[in-house]
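Worksheet: one structure, shown below.
The values are calculated or read from the model by the stated rules, or taken from the named source; none is laboratory data. Bear in mind the structure is a predicted one, so any value in this text is a computation, not a measurement. Because the Cβ atoms are built from the backbone with ideal geometry, glycine has one as well, and the counts that use them run over all protein chains shown. Heads up: the accessible areas ignore ligands, DNA and RNA and are worked out on the full protein's heavy atoms, side chains in. Shrake-Rupley method; radii C 1.70, N 1.55, O 1.52, S 1.80 Å.
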Protein chains: 2
Amino acid sequence: MKELKMILESIGELDQAAMANCKSHLDQLTKPQGSLGVLEDISITMAGITGQEKPVLTKKTTVIMAADHGVTDEGISAFPKEVTPQMVLNFLNGGAAINVLSRLNHSDILCVDLGIASDIEHPNLINRKIAYGTKNMRLQASMTREEALKAIKTGIEIADEAVKSGTTLLATGEMGIGNTTASSAILTVFTDLLVEKTVGAGTGISPETIGHKQKVIQDAINRNQPDKNDPIDVLSKVGGFEIAGLTGLIIGAAKNRVPVVIDGFISTAAALIAYELEAKTRDFMISSHLSEETGHKLMLDYLGLKPMLHLNFRLGEGTGAVMAFNLIDASSRILEEMATFESAGVSTK
Amino acid sequence: MKELKMILESIGELDQAAMANCKSHLDQLTKPQGSLGVLEDISITMAGITGQEKPVLTKKTTVIMAADHGVTDEGISAFPKEVTPQMVLNFLNGGAAINVLSRLNHSDILCVDLGIASDIEHPNLINRKIAYGTKNMRLQASMTREEALKAIKTGIEIADEAVKSGTTLLATGEMGIGNTTASSAILTVFTDLLVEKTVGAGTGISPETIGHKQKVIQDAINRNQPDKNDPIDVLSKVGGFEIAGLTGLIIGAAKNRVPVVIDGFISTAAALIAYELEAKTRDFMISSHLSEETGHKLMLDYLGLKPMLHLNFRLGEGTGAVMAFNLIDASSRILEEMATFESAGVSTK
């Protein structure tokens, strides 16, 4: 905890001078001022994060954290839990949606096992398994406090390593059957909203099963009594290993002043924990898309983040984040490649 | 007109069998059914347009139609009219936003002079000039009926040629100082809405100038009395050459069963004319983004089109359309590259 605290305290502010310089450059380009809307907003945010007037994107990396959830014993998911390792293998073999979209947008994927309930053999899997899945939160805490801290630390290390290997843009991805349940629980604890507001269909459960999932989450909160003023307590009692790992990844991004693109519902649950640990981490987050999952908008509103894309995705994996890469690439290329009014000989107003 | 009528009558329906086959394939891919939201919608629409279960995108082409507007004499734009040829040269030299975004998304640009008020010398400019700008619509019709038909015919020919050269996806782009005025006039005529609802800031005029622009448009409608039941009458009286050309491009896309991505306010004005000429053209349109320009949403609602992106753009050129290319590419790659539950050995529900 002491080490984490030091890292959190080291997180800085956005570079206002770089942001002003970036804005000034944007205003000289051959277009009405501000007419590229969201792209200009991204450029300025990226400048603030990186301290570069023209932020350069050389390597984009999506980190997919995977883990299992003991709460699947309660029958809260549409898919059986063996789908977690099956889909991770699919990622490693290049056949999932995240692979297709990453190839399209020229970005890398790192797959991390933080707590899958079985062992996967694959040369590209990063094995940082903390346990074989969480415990069933309806009956007990999902993990110990030490395990939660270890998973966060792992996420920070993975961010450090990715940055060391040249990554200039990170994105969050995840796989874990049952993880919308953990994410809804986290949202419920921090906002004190009713589970009727925070719990959704996940990968596609029926309205009856949603009712059951709400009850399971309420039971888990009642039994564990997570303390919303202690984010590690919330994470360990109703979270998941992949969520904790992503919390670490986000903190690691902020520590390294590298922008981190936040995917959907589960990734944003991790962002909530990071924000509660240190509010400044929020400035390093780029919100990608609004998921179809109930509760995602509540999370984004709580964080004060505005998603760029509304694609009705409800898949996770990092798919929404990777679709935002094209916008981020565009924001960088605009700064680099567009002519100015002067250089192109175009009259101003 | 007779030739145009024959082309309009030849436009077919969406291929329902290809759409059903595409949907069925999507449902076998390793993701919860429908979880890729808008991407799946695009895949199915593209299948319906092309008749291919897995629509292939080999070449994407944005056609930028450029022309000047006599109504700029009334002082309705933030930029002087010499910006039209200056920006067209910028397009031809690769320095504009549309160039940057087209390079990013691996798409081609065709620049067509349909009515610029001066002559531009550039080897890549397609010179199909009909006149040196329209007349001032506040005083008389913008163009003759014959000129409007000629511009539409030119657009159809350019679509034909692009398709013959391998284009599998068309997009609309435009440049023409004063063309939001013409577009607002077209919207006003078809919807009978007050100019207070249909007229916006264009490239960035003051609230006072917006009031003046509203008056100019109302005067133009009062004087010319365009007949909303005769789209060619509307186009010739209050339209523009580039708008007419884009109407033709959209009709040409439908004729060739090639999807056409509709950019912002001006492009959608052209789509309105195409739709009024033949409602089936709408099925071949893919709406890219919602512009910041007042009135764009009114047009899209009138057409029943739903934009994919909300990027607060107000630039035109085709920039919003080209940003949608990444989504369209993704929808095609998903169909081509994703593993099925069976091939990846992933358990279903």
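Values as computed for the structure displayed
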quantity: Test: residue in region A:119-130 that is within 14 Å of chain B (Cβ to nearest Cβ), more than 30 Å from A:Thr45 (Cα to Cα) and open to solvent by 30 Å² or more (accessible area, probe 1.4 Å); calculated: yes
quantity: Residue within region A:175-183 that is out of contact with any strand residue (DSSP E or B) (no Cβ under 8 Å at 6 or more places or on another chain) and either modelled with pLDDT under 95 or surrounded by fewer than 24 Cβ atoms within 10 Å (Cβ to Cβ) (or both) present; calculated: no
quantity: Hey, A:Gly304 more than 7 Å from chain B (Cβ to nearest Cβ), at pLDDT 95 or above and under 26 Å from A:Ser77 (Cα atoms) or not; calculated: no
quantity: Residue list for region A:276-303, restricted to those being out of contact with any strand residue (DSSP E or B) (no Cβ under 8 Å at 6 or more places or on another chain) and under 23 Å from A:Leu194 (Cβ atoms); calculated: A:Glu276, A:Ser291, A:Glu292, A:Glu293, A:Thr294, A:Gly295, A:His296, A:Lys297, A:Leu298, A:Met299, A:Asp301, A:Tyr302
quantity: Residue in region B:335-349 that is nearest to the other protein chains (Cβ to nearest Cβ), counting only those that are free of Cβ contacts under 8 Å to residues at least 12 places away in the same chain and out of contact with any helix residue (DSSP H, G or I) (no Cβ under 8 Å at 6 or more places or on another chain); calculated: B:Lys349
quantity: Filter pass, A:Lys197 being part of a helix (DSSP H, G or I) and under 18 Å from A:Lys297 (Cβ atoms); calculated: yes
quantity: Failed criterion for B:Val83 (all others in (1) open to solvent by less than 10 Å² (accessible area, probe 1.4 Å); (2) aliphatic (A, V, I, L, M); (3) farther than 28 Å from B:Leu327 by Cβ; (4) touching a Gly at 6+ places or on another chain (Cβ under 8 Å) hold); calculated: (4)
quantity: B:Gly295 vs. criteria farther than 24 Å from A:Ala321 by Cα and within 7 Å of chain A (Cβ to nearest Cβ); calculated: no
quantity: Matching residues in region B:10-40 - criterion: being without any contact (Cβ under 8 Å) to a residue 40 or more places away in the chain and not small (Gly, Ala, Ser); calculated: B:Asp15, B:Gln16, B:Met19, B:Asn21, B:Lys23, B:Asp27, B:Pro32, B:Gln33
quantity: Residues of region A:1-53 classified as of a type in the set (Lys, Arg) and either within 14 Å of another protein chain (Cβ to nearest Cβ) or surrounded by 18 or more Cβ atoms within 10 Å (Cβ to Cβ) (or both), total; calculated: 1
quantity: Qualifying residue in region B:262-278 (condition: at the interface with chain A (Cβ under 9 Å from one of its Cβ atoms), touching a residue at least 24 places away in the same chain (Cβ under 8 Å) and at negative phi); calculated: no
quantity: Members of region A:260-277 found to be touching a Ser or Thr at 6+ places or on another chain (Cβ under 8 Å) and either hydroxyl-bearing (Ser, Thr, Tyr) or surrounded by fewer than 24 Cβ atoms within 10 Å (Cβ to Cβ) (or both), listed by number; calculated: A:Ser267, A:Thr268, A:Tyr275, A:Leu277
quantity: Residue within region A:233-244 that is surrounded by 24 or more Cβ atoms within 10 Å (Cβ to Cβ) and closer than 20 Å to B:Ser331 by Cβ present; calculated: no
quantity: Condition broken by A:Ile243, with the remaining ones in (1) closer than 17 Å to A:Gly318 by Cβ; (2) free of Cβ contacts under 8 Å to residues at least 12 places away in the same chain; (3) not acidic (Asp, Glu) satisfied; calculated: (2)
quantity: Pair list, Cβ under 6 Å, 6 or more apart: region B:203-222 residue on the phi > 0 side of the Ramachandran plot, other residue open to solvent by less than 60 Å² (accessible area, probe 1.4 Å); calculated: B:Gly204/A:Pro32; B:Gly204/B:Ala78
quantity: Listing of helices (runs of 4 or more DSSP H) fully contained in region B:203-295 that carry 1 or more residues being within 30 Å of B:Val56 (Cβ to Cβ); calculated: B:241-255, B:265-277
quantity: Flag if A:Leu57 is surrounded by 18 or more Cβ atoms within 10 Å (Cβ to Cβ), within 14 Å of chain B (Cβ to nearest Cβ) and modelled with pLDDT under 95; calculated: yes
quantity: Hey, B:Leu235 of a type outside the set (Asp, Glu) and under 19 Å from B:Thr191 (Cβ atoms) or not; calculated: yes
quantity: Any pair with Cβ under 6 angstrom, 6 or more apart, that starts in region B:140-165 at a residue that is in the same structural domain as B:Leu114 (by TED's automatic domain parsing) and closer than 14 Å to B:Glu242 by Cα and ends at one that is outside any helix (DSSP H, G or I) and open to solvent by 90 Å² or more (accessible area, probe 1.4 Å); calculated: B:Ser142/B:Lys135
quantity: The one condition in (1) touching a residue at least 24 places away in the same chain (Cβ under 8 Å); (2) more than 25 Å from A:Leu92 (Cα to Cα); (3) not hydroxyl-bearing (Ser, Thr, Tyr) that A:Ala324 fails to fulfil; calculated: (2)
quantity: Condition met for A:Ala220 (under 28 Å from A:Ala171 (Cα atoms) and in the same structural domain as A:His69 (by TED's automatic domain parsing)); calculated: no
quantity: Odd one out for B:Ile158 among (1) assigned to a helix (DSSP H, G or I); (2) at positive phi; calculated: (2)
quantity: Residue count for region A:60-116, restricted to those that are within 13 Å of chain B (Cβ to nearest Cβ), farther than 18 Å from A:Thr172 by Cα and not in a helix (DSSP H, G or I); calculated: 8
quantity: Answer residue from region A:131-149, given it is charged (D, E, K, R) and touching a helix residue (DSSP H, G or I) at 6+ places or on another chain (Cβ under 8 Å) and is most open to solvent (accessible area, probe 1.4 Å) among those; calculated: A:Lys135
quantity: Test: residue in region A:324-333 that is within 10 Å of chain B (Cβ to nearest Cβ), open to solvent by less than 50 Å² (accessible area, probe 1.4 Å) and in a loop (DSSP other than H, G, I, E, B); calculated: no
